[in-house]
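Q: Sharing a structure with you now.
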Amino acid sequence: MNEMKYEIDATGKKLGRVATEAAHVLLGKGSVNFAKNVSADVDVRIMNASKLDINDKKMDQKEYQRYSGHPGGQKIETARKIVEKKGYRELVLKAVYGMLPANRLRKERLKKLTVNN
């Protein structure tokens, strides 16, 4: 089939707005042959992720949690620490990941997303 390419320029936009747009396209909501149970044949690229409009307050207050499953294994990191460690790409991926439905197609859909700083 013919894969559709979709580009989003993140310059000056809020993180949530960009992530919502990407999730919408990855779900295939805008396509003519939309089906819930099929991963859309779309390639989404987010350009200029480092130029996102994120407040300093949000960078310090927004927390991301992960849990290893062991006692005392809960880790909490702020958005600023994630950006320092892994870059803005990781923030965008986490935002889009949270907006996709938690089913078997989530990983497959996320593979069709590329983020460039």
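The values are calculated or read from the model by the stated rules, or taken from the named source; none is laboratory data. Here the structure is a predicted model, which is why all the values come from computation and not from measurement. Methodologically, a virtual Cβ is constructed for each residue, glycine included, from the backbone with ideal geometry; neighbour enumeration extends over all protein chains shown.
Q: Condition first: surrounded by fewer than 14 Cβ atoms within 10 Å (Cβ to Cβ) and among the hydroxyl-bearing types (Ser, Thr, Tyr). Now tell me which residues in region 81-117 satisfy that.
A: THR114
Q: Could you tell me whether GLY72 is on the phi > 0 side of the Ramachandran plot and at pLDDT 95 or above?
A: yes
Q: Can I ask one more? For region 10-34, give me each residue that is surrounded by 13 or more Cβ atoms within 10 Å (Cβ to Cβ) and aliphatic (A, V, I, L, M).
A: Of everything in region 10-34, those that are surrounded by 13 or more Cβ atoms within 10 Å (Cβ to Cβ) and aliphatic (A, V, I, L, M) turn out to be ALA10, LEU15, VAL18, ALA19, ALA22, ALA23, VAL25, LEU26, LEU27.
Q: Within region 75-98, how many residues are outside any loop (DSSP other than H, G, I, E, B) and touching a Ser or Thr at 6+ places or on another chain (Cβ under 8 Å)?
A: So the answer is 2.
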